[in-house]
Every structure is written in C-alpha cells, then in structure tokens.
Amino acid sequence: MKKIFNKLINTNSKKYWIIGLIVAIILVPIILLSVSLTVNKRDFVLANYQSYISPSVEKKLAKEYGLSFDSFETVENAKKLLSSNTADIVATTSYELVNWYNDGLIQKLDWSKFNIGIDSAADALNLFTDSVQTILQNFDIDGDGNKDNLLEYGIPYFIQDFIFAYRGSEITELTNAQNWSQAIEVISNHDRFKPDSKPKLIAVDDARTMYSIPSAMEKNGDINPHKNETIESLSNTLYKLSDSINKLGNNAIKFNADANAVLNDLATNNVNGAFLFNGDALYASYGGDDEIVINDDDFHIVKPNDALVALDLFVFNKNMTNDNLNKAYQVISELCLNFNDSNPEDTMVYENFDYVNYTCTLQSLYEYVKSNYFDNQVQEQIFEISNVNSNSLEVSIDNITKSNLSFAWINFKNKLH
Amino acid sequence: MKSNFSKWLKKSYIAILLLIIYVPLVFTVIWSFANESAKGNIVPNPDSWGFQNYLTLFTDNEFLNSLLNTLIIVLFVTPISVSIATITCYAVWNNKKSFETVNQGLSKISMVNPEIITGISLTLLFASTWLAIGLDMGFFTIILSHISFCTPYAIITIYPRMQKFKKNLIDASKDLGYSGIKTFFNIVIPYLMPSIVGAIALVVVMSFDDFIITNLVRGRVNTVSTEMYLMTKGIKAWAVSFASILIIIFIIFISIKSFILYRKNKKQKDKQISKMFKIKGIGNEKNI
C-alpha cells in the first residue's frame, strides 16, 4: 500500500491523479450510499414519549418483531416522524389523531387483524373503560358534523388526568373541593403552601396544561382556549391563577418542564404541593426515584371534576409496508389489548403497566389493577379516572392560538411575584 | 498576609479554574456508580452503588446500535472533511489574496450561522432532492450534513498554520525536481500535520456530539446524541455511565500523551545538557 502511495506521489504524470480523483468521486458516494442502505437498518420503528414503555417489554418486542424504538418530546414533534416515514407506529393524543387524519398521515384500522375476536371498531369500544369510551366517541374525525369513533384510527394506550397532589396531613376542604375554583381557593389561602425560603408549590412547565386550570375556573369547566383567542385574553385568563398564587407570597411556585423532577420534588418533600398528571403522582406516592417510604396519611390528592383528561393512543403510518403492517397489528395486540386475568403477569400489557403506572384503558386490566395492585386507598384514587366530559378534553388549536398561548404563559410567569 | 494570599492566588488561579471545569466531570464519574431507579434514572440519594449501570449499558441494544451508527458516521466524516479542508487551505494560500478573504469569510459565515438554520436549510435541500427521488433520509444525509458543517471548522484550524508556511520551500522543492503533488505530500502535509491532527480531533468531537442538525436529517438512524438529547424524564443511568467511560478514556489518553511528551522533552533536554558539557570540556556528565 505504501509502495503504491509512494509511486503515486512520486509520479510526474497528472493523468493518474485525475483518474484517481474521478474514481474517488464516484466510489465515495457509492460506499456512503451502500452504508446508508444496509448498515443497522431500522425497518420497523415505534415512536413514543420517553419512559412511556417498559424496557423489558421493548426488549421482547425487539427480539420477536425486530421492532426499534424512537422517542419524541412533544406530540407536535411526533408528526414529523410520521410525515418523514421515520416511524411506523406512533403514540399520539386524541385531538392530535384528528389532525393527523386530516393531514392524511394515518391509516384506518382493521380490528379483525388484532386477532382478539373483535371485527370492528364499534365492537371494540366495550374493551375499554367508560371514561375511555366517552373520549373515543367525542371527536368528529372527518368533519361531517357527526361524532366518530377514534378506534377507527387509533388504539388506546394510557389515560391520565391533571390533578393536585400534596404532602402532610389531609386538608379536608381541599379533598372535598369539587372543581378547580374551590381547590385553588383553598390552596392559595393555606399556610402549608406559603413559601419560606423556597417555593412550596411546583407545577409542570407546560402552557397548555396549566392553562386548563384557570380556563376551567373562568369558563365553567371548559379547559380549552377559543379559536384565535388573543394574547391579552389568554393572559387575562391565566392571571386568575397568578392572582390566586400571589396571595401566598413571593416566589410561591416553581415550574419544571421535566415531569420527573416535579414528582421527585413532591416525593422528597422539597415542596408541599404539585400540579401534575396522575401517573406521575402515583410514582411520587411510591417515593419517586429515591423510593422514599411515604406514610399513607402523608400523601393526598385532589381530583376536581373539571380536571383535564388526556387519552394517548397508537396510530399506524399510512405509508407502512404490508410486512410492517402485519407486524404492527401483532405488536399492538400484545402491548395494548391482550390481557388474561387468569395469568396477568405473563401478559405484556400487565408488564408494561407495571412499569409505566399510568391509568390503563383496557377494562379488564383496569378492574384487575384496581382490585389487586395497590397498597392503599390513595393510590387507588390516583389511579381511578371517572370524571370525563367533553369540556375536560383537549381539542386541537390552531398555530396562532398556540403561539398566543406561549406569549400569554410568559406574561403569566412575569405576573407571579 | 495579603501579599501571601495574592502570591498564592497568582500561583494557583489556573488550578482553581481547571478545578471548576473538571469538578462536574468528576461528579459524573462518581454518580455513574449509583444504581439506577425503577425508571432507569440516576438519583441523588441512591440506596446502593455498584457496576450495574455499566453491565446494563453493554447489553442495551438500542444504545449499542446508536453507538455503532455514530462511529460509522464519524469514520466517514472525519477523513473527508479534513481532506477537503487541507486541500482548500493549500489552494487558498497558493492563490490570490482575494481568495483568502472570501474563503475566510465564507467559513466564518458557516460557523456563526445558528445550527438550527443550517439544519433547516439542509432538510429543505434533502427534501427537494433526496426525498424527491424516493429515497429516505439516513446515513447518507447525516454524513453529507456533517461534512458540510465540520469542514469550515477544519479549515479554520488548519489555515493559520498554512499562512506561516514559507513559499520558498515550495520553490526549493521544485528546484530539486519534485512535482507539485510530491511537494504537497512530502513537504506541505508533514508541515501541516500538527494542525491536521487538531482538525481531526475537532471534527471527531463535533460530529460525535451534534444533535440539532443530525435530528433534522437522520430519518430512521439514531445516534448517541439523539438518544441523549431526547431524554425528557430524568437523567438516564446509561447516559451517565457512557459519559463516564468517555471521560476516563480521554483522561487516560491525555495522561499518556503528556507522559510521552514529558519523557521526550526530558530526553532532549538531557541530550542538550550533555552536549553543552562536552563542548565546554567539563568532562562526562556522569561526574556531575
């Protein structure tokens, strides 16, 4: 090799160099292209939120179906994975499913292919809890003015509601609060949540989720912004919450985009109260990442009847290959639908729930978990979701309203003392 | 007392600065031995310590795949970027002054341009060309993107040394019968070698570490950076373990390199001293 190289550089003929250059220009892209097409190919990909599927389940699915996994931060980013054909199965929310249908990104499901003895989406409704059924039948997918069945296009995964959890002895007025107005009234006047040298309240740093609280307070339970609502109007709604929190004093609340940090602060008692999703509250009640032992009478929740409820579903990419489509039905069947309560711990559905610990959507699993899984009543209460009405469901909002809400959120934070 | 303190500060402020830089790295290595939580996160108060994180790291297929992908990308990007940069630097140096100004300016534009802008422009380019002919984004698009943003950095690293190169060395080489190509490989490249090594190190790190551009053009390919940057729920134990391995490797590498340099310098110094004594006729150095 060295001889050839020395011969090359010692030659006075330019001809060899020109030939070499042309060969390199042709060869290098061919080599790059072949690497691109062959090495480490991820043919079959499931995209999900992070830590939203059990690692042991991932390994089993990877081994059995050659499934690879991808993650995304927000459901808006997930759309890019669909549109660029990066993922075949994608997790989404109920309102985003409608958007993706309208954008022509997802395909209609054939429920007979799940091999669970169900042939249609209409029959499949009964597989799921009442709350989930309410959500599934609440959206008009095709814009014809009639409510459709989301099961035509999606398979429910987990459901969650946005609640308030607090440490210390039970505050009766708070536990009995029926709606966010009553809950916020108690929270904003209670000494337990007044800051000392640091805030005693924490919340997820998410404008849309937190907006649901003052929106429900102001609009009689409606958690959604109106179409093309201005920054001023959205800010004024959010100020209802900031005005209440400011009664507690300066630096009363902190925000964190990482839900894990929120639940760990609550679990370690760095804060006395947290606004978070019920699945995170459940993990906090177990002691969070530190697995701190928390007494039953030291952890409580408030579930207002106008709390935001979110349903996550899996959808199939419209451009999936047939081979992947067949595998996708089997994967989802194992991951979301096949539960056997005579041997529950042998099922992937149960194994996955055991890790994720959000409220399951499958009726049979829900009943089994409610009866057998939890150590105490508080954990059971966190797990249950029963108050679902159309006002408590997020709907799709246009980009202008999304942008206005971001600005309104900044105004809200600036208004906090 | 004040003068003692200021004396001490003058002697040790660099050590203090380095300590501030390296303390987080030390913490990373320490925490990599804290066993992970149920959700696979590193926790501030672990109940046990051990090597479990390292054992699970090398059995995690998703991580191993992403690491392999990253190494393949770096393997392709580095020689191509550095070769293009070296040839560019030589060509610019060998040409009119105006070319130098233009080249410097264009390289700097690429460097000061926010990565997100570069990423979006590359995505649009690939969408209108690569995707339009029915191919998917993946290794090819990642490698091309990395070459495009790493090459200016390699140019900026190599060019200062190129500027100091004496033109009369080229003339002398030609007078002695060397062709242009021979001169380039036998005279210019050895002269530029320290900068080329520096450029290689820079390109490797930048390509290994890049997330913004990679995430936009990666298609179905995952890399270590995309796996790490998409951690949204806590800091995963595998990320801390992997970071710790990299830190230890670099510390060992730098230590070995420093030791070799130290030995080399010491030998040279000893040689010089013995030469000096021989010239002055003081006797052999063994008597000193």
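What follows draws every value from the coordinates through simple rules; no lab data is involved. In this text the structure is predicted, and so the values were computed from the model without any measurement. Neighbour counts are summed over all protein chains in view; Cβ atoms, including those assigned to glycine, are modelled from backbone coordinates with ideal geometry.
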**OP:** Give the residue from A:Ile332, A:Met320, A:Asn414 lying farthest towards the positive end of the charge dipole for region A:308-417; charges sit on Cβ (+1 for Lys and Arg, -1 for Asp and Glu) and the dipole is referred to the Cα centre.
**Re:** A:Asn414
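What value does region A:194-313 have for Rg/Rh, both radii from Cα atoms and Rh as Kirkwood defines it? Working shown, then result.
Numbers: Rg = 15.2 Å, Rh = 15.4 Å.
Ratio value, two decimals: 0.99.
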**OP:** Lys and Arg at +1, Asp and Glu at -1: add these up for the other residues within a Cβ distance under 13 Å of A:Glu291 and post the number.
**Re:** -3
Original post:
Residues with amide H under 5 Å of A:Ile202's amide H, sequence separation 5 or more or different chain, H placed in the peptide plane at 1.01 Å from N; which?
Top reply: A:Lys254, A:Gly273, A:Ala274, A:Phe275
**OP:** With only Lys, Arg, Asp and Glu charged, each at its Cβ (+1 for the first two, -1 for the last two), find how big the charge dipole of region A:227-273 is about the Cα centre; round to the nearest 20 debye.
**Re:** 100
**OP:** Pull out the extension gain between A:Ser406 and A:Asn220, defined as 0.36 nm times the separation in residues minus the alpha carbon to alpha carbon distance; nm, one decimal.
**Re:** 64.7 nm
Original post:
If you find the alpha carbon centre of region A:268-345 and of region A:73-146, how far apart are they in angstrom?
Top reply: 18
Original post:
Spin-label point model (7 Å from Cα, Cβ direction): what's the B:Ile20 to A:Lys227 distance in nm?
Top reply: 5.5
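Rounded if a/c is under 1.5, else prolate if a/b is larger than b/c, else oblate: which is region A:100-156, with a ≥ b ≥ c the root eigenvalues of its Cα gyration tensor?
oblate
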**OP:** Output ³J(HN,Hα) for region A:89-102: one whole-Hz value per residue in order, computed from phi by the Karplus curve 6.51 cos²θ - 1.76 cosθ + 1.60 with θ = phi - 60°, and x for Gly and Pro.
**Re:** 10, 10, 7, 8, 9, 4, 6, 5, 4, 4, 4, 5, 4, 5
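Calculate, for A:Glu64 and B:Lys11, the FRET efficiency according to 1/(1 + (r/R0)^6) with r their C-beta to C-beta distance and R0 60 Å; round to the nearest 0.05. Please list the in-between numbers first.
On the way: r = 64 Å, r/R0 = 1.06.
About 0.40, to the nearest 0.05.
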Subject >> Gyration tensor (alpha-carbon) shape descriptor, region A:171-231, a/c threshold 1.5 >> reply: oblate
Original post:
Once Lys and Arg get +1 and Asp and Glu get -1 on their Cβ, which of A:Val378, A:Ala203, B:Gly180 lies farthest toward the positive end of the dipole of the protein assembly as shown?
Top reply: B:Gly180
**OP:** Sticking with the crude label model, points 7 Å out along Cα→Cβ, report the distance from B:Asn95 to A:Asn251 in nm, one decimal please.
**Re:** 5.9
Original post:
Which cross-chain or sequence-distant (5 or more) residues have an amide H under 5 Å from the amide H of A:Val45, H modelled 1.01 Å from N in plane?
Top reply: A:Ser68, A:Asp88, A:Ile89
**OP:** Please grab the % of Cα pairs in the protein assembly as shown that end up more than 34 Å from each other.
**Re:** 58
**OP:** Can you tell me the 0 to 90 degree angle between the C-alpha axis of helix A:207-218 and the longest principal axis of chain A, rounded to 10?
**Re:** 30
Original post:
HN-Hα J couplings of region A:178-187 from phi, Karplus 6.51/-1.76/1.60, θ = phi - 60°, integer Hz, Gly and Pro as x?
Top reply: 8, 9, 5, 4, 5, 5, 5, 4, 5, 4
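Take every DSSP beta bridge whose two residues both sit in chain A, then give the antiparallel share in percent to the nearest 5. List each step's numbers first, then the result.
On the way: 24 of 39 bridges.
So the antiparallel bridges amount to about 60 percent of the total.
When DSSP beta bridges are limited to those with both residues in the protein assembly as shown, what percentage is antiparallel, rounded to the nearest 5? Let's see the in-between values first.
Numbers: 26 of 41 bridges.
Around 65 percent of the beta bridges assigned by DSSP in the protein assembly as shown are antiparallel ones.
Classify region B:175-288 as rounded, prolate or oblate from the Cα gyration tensor: take a ≥ b ≥ c as the square roots of its eigenvalues, call it rounded if a/c is under 1.5, otherwise prolate when a/b beats b/c and oblate if not. Spell out each step's value before the answer.
Details: a/c = 6.88, a/b = 1.76, b/c = 3.91.
It is oblate, given that a/c is not under 1.5 and a/b is not larger than b/c.
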Original post:
If one takes the longest principal axis of the Cα atoms in chain A, at what angle in degrees, from 0 to 90 and to the nearest 10, does the Cα axis of helix A:322-332 lie?
Top reply: 30
Subject >> Expected 222 nm ellipticity per residue - DSSP helices of 4 or more, -39500 (n - 2.57), all of chain B, to 500 >> reply: -25000 deg cm²/dmol
Subject >> Whichever lysines have a C-alpha closer than 21 Å to that of A:Lys147, once near sequence neighbours (fewer than 8 apart) are set aside >> reply: A:Lys108, A:Lys227
Subject >> Which of A:Ala177, A:Phe139, B:Gln163, positive extreme of dipole for the protein assembly as shown (C-beta unit charges) >> reply: B:Gln163
Original post:
Which value at 222 nm does chain A reach when only helices count, each DSSP H run of 4 or more adding -39,500 (n - 2.57), with the total divided by all residues and rounded to the nearest 500 deg cm²/dmol?
Top reply: -13000 deg cm²/dmol
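What does the charge count near A:Met217 come to, summing +1 for each Lys or Arg and -1 for each Asp or Glu among other residues with Cβ under 13 Å from its Cβ?
Net local charge, A:Met217 excluded: -3.
Calculate the translational D of chain B in whole µm² s⁻¹ from Stokes-Einstein, where the hydrodynamic radius comes from the Kirkwood formula applied to all Cα pairs, the temperature is 25 °C and the viscosity 0.890 mPa s.
My calculation gives 105 µm²/s for D.
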Original post:
Which links in A:Lys194/A:Lys219; A:Lys113/A:Lys318; A:Lys370/B:Lys39; A:Lys200/A:Lys254; A:Lys219/A:Lys254; B:Lys97/B:Lys167 stretch past 18 Å when you go from one Cα to the other?
Top reply: A:Lys194/A:Lys219; A:Lys370/B:Lys39; A:Lys219/A:Lys254
**OP:** Step through the residues of region A:395-412 one at a time and calculate ³J(HN,Hα) from phi using the Karplus curve (6.51 cos²θ - 1.76 cosθ + 1.60, θ = phi - 60°), rounding each to whole Hz and writing x for Gly and Pro.
**Re:** 10, 5, 10, 6, 5, 5, 5, 4, 5, 4, 5, 4, 5, 4, 5, 5, 4, 4
Original post:
What is the Cα coordinate range of chain A on the first, second and third principal axes, sorted by size from largest, in whole angstrom?
Top reply: 91, 54, 49
Original post:
Near A:Asn189, within a Cβ-to-Cβ distance under 12 Å, what is the net charge of the other residues, with Lys and Arg +1 and Asp and Glu -1?
Top reply: 0
Subject >> Amide proton proximity set for A:Ile106, modelled H, under 5 Å, gap of 5+ >> reply: A:Lys318
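For chain B, what are the DSSP H helices with axial Cα length of 18 Å or more and mean Kyte-Doolittle hydropathy of at least 0.0? Mind dumping the intermediate values first?
On the way: long enough: B:2-31 (40 Å, 1.11); B:61-93 (47 Å, 1.42); B:97-112 (23 Å, -0.02); B:115-128 (20 Å, 1.61); B:139-163 (35 Å, 0.99); B:189-209 (29 Å, 1.81); B:237-280 (64 Å, 0.52).
TM-like helix candidates: B:2-31, B:61-93, B:115-128, B:139-163, B:189-209, B:237-280.
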